[in-house]
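S.K.: Sending over a structure as structure tokens; questions will come in a sec.
Bear in mind these aren't lab numbers, they're just calculated from the coordinates by the rules spelled out. Because the structure is a prediction, the values reported are computed rather than measured. Here Cβ is always computed from backbone atoms with ideal geometry, including for glycine, and neighbour counts include all displayed protein chains.
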Amino acid sequence: MPVNGPVEETLGDKLVTAISQVLNIPRSEIQLYDSFSDLGGSKSSATILRNTFAEINLTLTEDDILKCRTIAELQTRIRPATHLTFDAELPNRSSSRSSRNSSSRASETFSNDNAENPETEDRATTRIDPEVLTTEELLTSTSQVPLAAVIRPKAGYLDGSVVAFLILSGISETDDGSQDCEAQIICQSRQQVAGSQIAALRVLLENSTAVSAVPNAWIVLEQMPLAECGGVDRRKLQTWIQNINEETHQRILSVETRGPFQAAATEAEKTLQKLISRVLKLPLDRVGMNLSFGELGGDEFSALQLVAAAKGKGLGLVADDVMHSDSIAHLAFVASYAVGGRVHRRRWSEDAEEGAELFRLSPMQQLYFNTPVGGDGEARAADCWNYRFNQSMLLKVNQDVTLEDVHAAMEAVVGHHSMLRARFQPVGENTWMQRVLADIPDSYRFGHHIVSTNDDVLDVIRQSQSFIDIETGPVFVAEYIKTVDNKHMLYVVAHHLVVDLISWRVIIHDINELLQNGSLFSERSMPFQRWNDLQWLEIQKPEHDGPMHFDITTGDFAFWGLDTTRNTYGDTTCNQAFRTDSADIYIAALLLSFCQTFPERQPP
């Protein structure tokens with residue numbers, strides 16, 4: 001009968017066994033997430049543990065034993081003193097030394113860079129480059145890097161480079177790792193902030209005399225892949241980095257490091273830093289003065305929030321400055337300069353947009369009248385829900401306010417946003433124009449109700465929707481609703497011709513500011529009539545009429561199963577954050593998708 005030989009202990013098992021013997025505690029009480037100190041270890045017992053590993057040609061420093069936050073992390077700090085195998089037994093320091101069967105596969109704590117035979121490769125018996133270990137130790141000694149691994153790829157786009165895989169606290173999805181996760185780079189919106197921290201880490205490594213392997217490429221992961229032993233899964237990272245495609249390679253190289261984190265110096269910078277931290281819900285230590293508002297994740301709406309918040313602190317800003325300043329430091333200078341009275345912002349005149357003068361529709365408004373919903377006046381005027389094109393919000397009022405306060409707030413909002421006073425009228429066959437009323441009180445509807453059931457609330461909503469009329473008005477209705485149990489709600493509804501989702505965000509915040517502080521959230525912007533005129537002037541520029549500088553391939557409608565009838569009305573543009581147009585994003589996404597889906601065809 002064949003006799004099974006003893007099963008070889010993995011490196012992780014040897015560490016647990018040694019700790020069990022040194023601290024005289026059962027192996028079952030030792031968990032990988034415990035630290036040596038948590039288990040009762042001291043400096044003297046750390047010395048004994050170090051000597052225990054030295055006897056089997058393994059190096060483990062007392063500093064690592066006492067400072068590593070988990071046993072799993074401590075496993076990654078064990079280094080071979082010489083080229084070794086794991087056949088040696090640990091010295092028996094306990095008469096009741098426990099034994100256990102372990103996995104036939106040894107720990108993967110060590111990298112595979114210098115393997116000499118296939119068997120030792122799987123058993124992780126090879127040495128990690130000491131230069132790499134020194135780099136990792138310095139990185140993980142900082143508070144912002146809980147986990148790190150430095151790899152030297154032997155193939156692929158980064159062949160021969162020193163690549164650092166990092167988990168950054170507050171930027172990565174989690175500070176921990178997982179055996180089930182794959183290598184996943186953080187999203188693009190967080191790479192800008194990560195770049196500032198990476199720059200600081202690079203300076204730290206470059207200024208250290210102990211580090212000679214400064215990474216050429218830095219990869220911030222959402223989560224760190226872990227091996228079965230609990231340490232970083234270097235093999236998975238090495239395999240991943242050696243097989244990345246060109247797109248991933250470019251994404252790695254695109255991490256912009258704008259220099260180390262620049263702290264706030266002046267009072268204006270400190271004030272602005274706190275305001276941005278609150279508006280964007282970011283930790284204060286992530287708002288560097290060398291980053292722009294857009295790089296921190298700000299958009300046009302949050303820029304308006306910042307403008308209002310800065311106004312309360314005595315800083316003069318406009319949303320355009322917020323979105324286009326190259327850095328927060330420059331934005332703070334602009335704010336201070338404006339407060340000094342040397343900058344005079346343009347104020348749009350109300351007379352320029354209000355009165356009986358008719359003006360043309362915008363392309364998107366015209367699109368509405370080209371549809372059966374907008375084009376059929378009789379059906380649109382009928383008392384039914386099929387032809388409603390309204391947008392509405394039901395808001396809960398969290399503080400005790402009077403009916404007079406709500407009424408005054410709504411009148412201020414309608415006066416501030418002129419398109420809430422718009423009227424539309426036909427001026428010929430299939431032709432519509434619009435105008436803005438100067439009379440504020442009669443240009444919208446405000447009502448108040450006391451209700452006892454949900455059905456009562458629905459009745460108020462239905463009635464308010466039916467009041468909307470683009471020709472005779474109003475196009476905006478507000479209803480203040482109070483329940484019998486003293487709950488307060490505000491229902492607001494407007495025709496989609498005069499509002500969109502971004503408009504609602506501004507309107508709701510204006511209402512909130514008026515009810516809380518008695519001030520308006522937003523500054524008076526360019527009149528819609530003026531913006532509309534500028535849009536038409538841009539469309540009519542000669543450069544838009546000339547031929548394109550490239551040939552357009554004839555569309556293969558049969559390939560798509562389409563006929564030759566056009567099914568589009570026209571094109572529009574919408575400015576987005578980061579100074580791009582939505583059309584640019586859509587076109588780039590479509591072209592990329594087309595090339596990936598149909599590699600046999602030329603791009604259109």
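S.K.: Calculate the length of the line joining the C-alpha centroid of the range 278-329 to that of the range 462-484, in whole Å.
M.R.: Result: 36 Å between the Cα centres.
S.K.: Would you mind getting me the FRET efficiency between ASN486 and ASP439? Use the beta-carbon distance for r and R0 = 41 Å, nearest 0.05.
M.R.: On the way: r = 35 Å, r/R0 = 0.85.
After rounding, the FRET efficiency stands at 0.75.
S.K.: Can you work out ³J(HN,Hα) from phi for every residue in the range 220-228, in order, using Karplus 6.51 cos²θ - 1.76 cosθ + 1.60 and θ = phi - 60°, giving whole Hz and x for Gly and Pro?
M.R.: Residue by residue, the range 220-228 yields 9, 9, 5, 8, 8, x, 10, 7, 4 Hz.
S.K.: Just subtract the alpha-carbon distance of PHE333 and SER452 from 0.36 nm times their residue separation and send over the number in nm, one decimal.
M.R.: Details: separation 119, 0.36 × 119 = 42.84 nm, distance 5.46 nm.
The span from PHE333 to SER452 would gain 37.4 nm if fully extended.
S.K.: May I pose another question? Among GLN223, LEU138, LEU158, pick out the residue whose Cα is farthest towards the positive end of the charge dipole of the range 130-253, where Lys and Arg carry +1 and Asp and Glu carry -1 on C-beta, about the Cα centre.
M.R.: LEU158
S.K.: For the ranges 394-407, 481-494, what's the packing order if you count other beta-carbon atoms within 10 Å of each residue, average per peptide, and put the highest first?
M.R.: Averaged packing, sorted descending, gives the order 481-494, 394-407.
S.K.: Would you work out if the range 267-339 is rounded, prolate or oblate? Take a ≥ b ≥ c from the square roots of the eigenvalues of the alpha-carbon gyration tensor; rounded if a/c is under 1.5, else prolate when a/b is larger than b/c, oblate otherwise. Numbers along the way, then the final one.
M.R.: Values: a/c = 1.26, a/b = 1.20, b/c = 1.06.
Because its axes are fairly even, with a/c under 1.5, the range 267-339 counts as rounded.
S.K.: A further question on this structure: Would you kindly state how much longer the chain becomes between GLU429 and ASP533 on full extension, computed as 0.36 nm times their sequence separation minus their alpha carbon distance, in nm to one decimal? Mind showing how you got there, number by number?
M.R.: Details: separation 104, 0.36 × 104 = 37.44 nm, distance 2.24 nm.
The GLU429-ASP533 span can extend by a further 35.2 nm.
S.K.: To make sure I understand, if each residue's beta carbon is the centre and we count other beta carbons within 10 Å, what order do CYS68, CYS595 fall in, fewest to most? Please list the in-between numbers first.
M.R.: On the way: CYS68 19, CYS595 13.
In increasing order of surrounding Cβ atoms, one gets CYS595, CYS68.
S.K.: Still on this structure: From the backbone phi of the range 440-446, what are the Karplus-calculated ³J(HN,Hα) couplings (6.51 cos²θ - 1.76 cosθ + 1.60, θ = phi - 60°) in whole Hz, Gly and Pro given as x?
M.R.: 6, x, 8, 8, 9, 10, 10
S.K.: So, one more: With the crude spin-label approximation of a point 7 Å out along Cα→Cβ, what separation in nm comes out for LEU394 versus GLN242?
M.R.: Output for this residue pair reads 6.1 nm.
S.K.: Tell me whether the range 226-306 comes out rounded, prolate or oblate; compute the Cα gyration tensor, take square roots of the eigenvalues as a ≥ b ≥ c, and use a/c under 1.5 as the rounded threshold. Intermediate values should be presented prior to the final figure.
M.R.: Working: a/c = 2.74, a/b = 2.22, b/c = 1.24.
Prolate.
S.K.: Next question, about the same structure. Contact order normalised by length for the range 414-492, with contacts defined as Cα pairs under 8 Å and 6 or more residues apart; what percent is it? Let's see the in-between values first.
M.R.: Working: 122 pairs, mean separation 24.0, N = 79.
30 percent.
S.K.: Next question, about the same structure. Per-residue counts of other Cβ atoms within 10 Å, averaged by peptide: what ranking do you get for 31-37, 499-505, 301-307, highest first? Walk me through the numbers on the way to the answer.
M.R.: Details: 31-37: 16.7, 499-505: 14.9, 301-307: 22.0.
Final packing ranking: 301-307, 31-37, 499-505.
S.K.: Grab the other residues whose beta carbon is less than 10 angstrom from that of LEU280, score K and R as +1, D and E as -1, and report the net. Please report the intermediate quantities before stating the final value.
M.R.: On the way: positive: ARG278, LYS281, ARG286; negative: ASP299.
Surrounding charge for LEU280 is +2.
S.K.: So, one more: What is the calculated FRET efficiency for ASP326 to GLU182, with r their C-beta to C-beta distance and R₀ = 41 Å, to the nearest 0.05? Spell out each step's value before the answer.
M.R.: Details: r = 36 Å, r/R0 = 0.89.
Plugging the Cβ-Cβ distance into 1/(1 + (r/R0)^6) gives 0.65.
S.K.: Under 1.5 on a/c is rounded, so check that first for the range 124-247, then, if it is not, pick prolate when a/b is larger than b/c and oblate when it is not; a ≥ b ≥ c are the square roots of the alpha carbon gyration tensor eigenvalues.
M.R.: It is rounded, given that a/c, with a ≥ b ≥ c, falls under 1.5.
S.K.: Hey, can you rank 263-276, 359-372 by average C-beta count inside 10 Å, highest first?
M.R.: Working: 263-276: 18.4, 359-372: 15.6.
Result, highest mean first: 263-276, 359-372.
S.K.: Cα-Cα over 32 Å: which of LYS236/LYS274; LYS154/LYS281; LYS14/LYS236; LYS313/LYS541; LYS311/LYS541?
M.R.: LYS236/LYS274; LYS154/LYS281; LYS313/LYS541; LYS311/LYS541
S.K.: What full-extension length gain, to one decimal in nm, is calculated for GLU404 and GLN540 as 0.36 nm per residue of separation minus the Cα-Cα distance? Each step should come with its number before you reach the end.
M.R.: Working: separation 136, 0.36 × 136 = 48.96 nm, distance 4.80 nm.
That pair, GLU404 and GLN540, stretches by 44.2 nm at full extension.
S.K.: So how do PHE559, PHE528 line up by other beta-carbon neighbours within 10 Å, fewest first? Could the numbers behind the result be given before it?
M.R.: Working: PHE559 9, PHE528 19.
Result, fewest neighbours first: PHE559, PHE528.
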